[in-house]
Amino acid sequence: MIRVALSQLFIYYLIAILTGLLAIWVFGDWRRKRKEKQARRFHLVCNICGISYEDRTDDDIPPCPKCGARNERATLRDL
Ligand SMILES: [Zn+2]
């Protein structure tokens, strides 16, 4: 049987809890950033009339649904 002092057991427990919380936080942040990146890829703002719209086609410069102006997909960097 493994003998461990109560204070050591508490420290091991604390380290396990903090490691678990850190892993959950890092994974949640990674998932959130990935979803935002996917959403930004299809989101456009028209340079002429200013409306924001979503375009899921493969077209590099999709037309605006309101005015028909072609808008280039902007790649937004992480802030
Ligand atoms: Zn427009």
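Taking segment 21-62, which residues are open to solvent by 60 Å² or more (accessible area, probe 1.4 Å) and either aromatic (Phe, Trp, Tyr) or within 13 Å of the ligand (Cβ to nearest atom) (or both)?
Matches in segment 21-62: Trp25, Phe27, Trp30, Val45, Asn47, Ile48, Ser52, Ile61.
Arg31 - would you say it is among the basic types (Lys, Arg), at pLDDT 90 or above and not in a loop (DSSP other than H, G, I, E, B)?
yes
Scan segment 34-51 and report the pairs whose first residue is over 12 Å from Cys67 (Cβ atoms) and whose second residue is away from the ligand (no atom under 14 Å from the Cβ) and of a type in the set (A, V, I, L, M, F, W, C), with Cβ atoms within less than 7 Å and a gap of 6+ or a chain change.
Close Cβ pairs satisfying both conditions: Arg40/Leu76.
The values are calculated or read from the model by the stated rules, or taken from the named source; none is laboratory data. This is a predicted model, so every value here is computed, not measured. With ideal geometry, Cβ positions are generated from the backbone for all residues, glycine too; neighbour counts draw on all protein chains shown. Heads up: the accessible areas ignore ligands, DNA and RNA and are worked out on the full protein's heavy atoms, side chains in. Shrake-Rupley method; radii C 1.70, N 1.55, O 1.52, S 1.80 Å.
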